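S.K.: Right, I'll just put the structure down here and ask away after.
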Amino acid sequence: MRELVSYSTSATTTTGVLVAAGGAALGGWWEDVNASPAWQDGAFFSLSAAYALVSAVALIQLVRIQRRVPEFGWTTQKVFHLMNFVVNGVRAVVFGFHIWVFLLPTRVYKLVLLDLPGLLFFSAYTLLVLFWAEIYHQARSLPTDKLRIIYVAVNAIVYIIQVCIWVYLGINDNQLVELVSKIFIVAVSAVALLGFAVYGGRLFVLLRRFPIESKGRKKKLYEVGAVTTICCTCFLIRCIVVAVSAFDADVSLEVLDHPILDFFYYLLTEILPSALVLFILRKLPPKRVSPQYHPIN
């Protein structure tokens, strides 16, 4: 019995030592990766290339839509693709020059370059929420005249508050205001998440209850369900990661020496969602437009 106890204690100690050694080795590897210029360049140049590709796809789709229906002005569909082109194009340039961006002597300039595209991303995708809200209100015979006013007002408030935060940081850079800035970004992402959950969910249920079975209905049901899931997921990830980074410097997204974290964060919250949504909404509008046509898909 004493031999069994001795053996068990020895095995437990050995396992603990191996786990500790493995953890230390993994921690050392992680620190080496974060400090490696090769890993940093690889991660940020990969992000730049991915953003440039998505931006090019959005621009091509915008040109195709314009050639298909040149008689229309700036429809919701065209504005959405234009904003995707701008957001992803700006991100591509920022990460292409990541060394200069992250090492800017004035911190507020870096925050503007990193956070402004995120706000534009919010505006682009809440445009989908607006479009779905209009469809839902029309289907329920509810007024739609105030929806666009609400969209413009919400976005105006978001940009005004964020600009005020940037101006204050430029005058008096302190950790408390930077914390407020991150919490504000979490709140903005939560608003987008709520919008997709409410109006994406309502429109999905409305389509499921629609009595007529047709290919168009099934396609629209899939489209709304898929886009709602993708956008809710990406804004939820953004909320969680930014909230954690606000209180933990080891999860900071505004530093050069977190390349792997930055790579997966931007991949999951902007690149993949944008690529998937652009693919789902790739259908061109018909050449002859009926009075009931809504130019978003």
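S.K.: Only one of Tyr222, Tyr125 is within 17 Å of Pro273 (Cβ to Cβ) and surrounded by fewer than 14 Cβ atoms within 10 Å (Cβ to Cβ). Can you tell me which? Reasoning before the result, please.
M.R.: Values: Tyr125 fails: surrounded by fewer than 14 Cβ atoms within 10 Å (Cβ to Cβ).
After ruling out the rest, the residue left standing is Tyr222.
S.K.: Which residue pairs have Cβ atoms under 8 Å apart, sit 6 or more places apart or on different chains, and have a first residue in segment 246-271 that is closer than 22 Å to Leu103 by Cβ and of a type in the set (Phe, Trp, Tyr) and a second that is open to solvent by less than 20 Å² (accessible area, probe 1.4 Å) and outside any helix (DSSP H, G or I)?
M.R.: Tyr265/Leu253
S.K.: Quick one: which of Ala133, Ala153, Ala139 is open to solvent by 30 Å² or more (accessible area, probe 1.4 Å) and touching a residue at least 24 places away in the same chain (Cβ under 8 Å)? Give the derivation first.
M.R.: Working: Ala133 fails: open to solvent by 30 Å² or more (accessible area, probe 1.4 Å); Ala153 fails: touching a residue at least 24 places away in the same chain (Cβ under 8 Å).
Just one listed residue meets the conditions, Ala139.
S.K.: Please indicate, with yes or no, whether at least one residue in segment 200-208 is touching a Lys or Arg at 6+ places or on another chain (Cβ under 9 Å), farther than 20 Å from Ser123 by Cβ and not in a helix (DSSP H, G or I).
M.R.: No, the conditions are met nowhere in segment 200-208.
S.K.: May I ask you to say which residue of Gly96, Gly73 is of a type in the set (Gly, Ala, Ser) and more than 27 Å from Lys283 (Cβ to Cβ)?
M.R.: Details: Gly73 fails: more than 27 Å from Lys283 (Cβ to Cβ).
None of the others qualify; the one that does is Gly96.
S.K.: Which pairs do you get when a residue that is acidic (Asp, Glu), found in segment 174-192, comes within reach of a residue that is assigned to a helix (DSSP H, G or I), reach meaning Cβ atoms under 8 angstrom, with the pair 6+ apart or on two chains?
M.R.: Here the result reads Glu178/Leu111; Glu178/Leu169, each pair linking segment 174-192 to a residue that is assigned to a helix (DSSP H, G or I).
S.K.: May I pose another question? I'm trying to understand the selection: among the residues of segment 149-196, which are closer than 26 Å to Trp132 by Cα and among the polar types (S, T, N, Q)? Before you say what the answer is, go through the steps one by one.
M.R.: Our first condition is that a residue be closer than 26 Å to Trp132 by Cα; within segment 149-196, this holds for 149-160, 184-196.
Residues satisfying the conditions are Asn155, Ser189.
S.K.: Any chance you could count how many residues in segment 83-122 are open to solvent by less than 20 Å² (accessible area, probe 1.4 Å), touching a Lys or Arg at 6+ places or on another chain (Cβ under 8 Å) and of a type in the set (A, V, I, L, M)?
M.R.: Residues that pass the stated criteria total 1.
The values are calculated or read from the model by the stated rules, or taken from the named source; none is laboratory data. What you see is a predicted model; the values in this text were computed from it and never measured. Cβ atoms come from the backbone with ideal geometry, glycine included; neighbour counts cover every protein chain shown. Just so you know, the surface numbers come from the protein's heavy atoms only, side chains and all, with ligands and any DNA or RNA stripped out. Shrake-Rupley method; radii C 1.70, N 1.55, O 1.52, S 1.80 Å.
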